[in-house]
Amino acid sequence: MRKEIHIISNPNRGGWDAKRPNADRASKHFDTKKEAMEWSRDLAKREGLELIPHGTDGQIQNPNSYGNDPCPPKDKKH
């Protein structure tokens with residue numbers, strides 16, 4: 001099982017949710033995407049998660065791995 005946290009828009013409440021896969025409820029709700037990203041980035045760094053933000057259309061935008069990256073870069077010098 002992959003360890004990840006998703007940032008998704010919440011059309012019912014407005015704002016943004018930080019949510020784990022297969023969770024019924026959000027881990028935390030935020031008024032802005034910026035707040036959701038900051039909180040989730042800190043959590044991802046502490047717990048070695050992959051942070052997966054989504055746009056309002058649900059499309060994934062710029063995921064970041066803070067743990068064991070399943071696809072590490074081949075160029076280790078940079």
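The values are calculated or read from the model by the stated rules, or taken from the named source; none is laboratory data. Everything numeric here is computed off the predicted structure, so don't read it as measured data. We place every Cβ from the backbone using ideal geometry, glycine too, and count neighbours over all the protein chains shown.
Data overview
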quantity: Residue satisfying condition, being surrounded by 11 or more Cβ atoms within 10 Å (Cβ to Cβ) and modelled with pLDDT of 95 or more, within set K34, K45, K19; calculated: K19
quantity: H6 vs. criteria without any contact (Cβ under 8 Å) to a residue 40 or more places away in the chain and touching a Lys or Arg at 6+ places or on another chain (Cβ under 7 Å); calculated: no
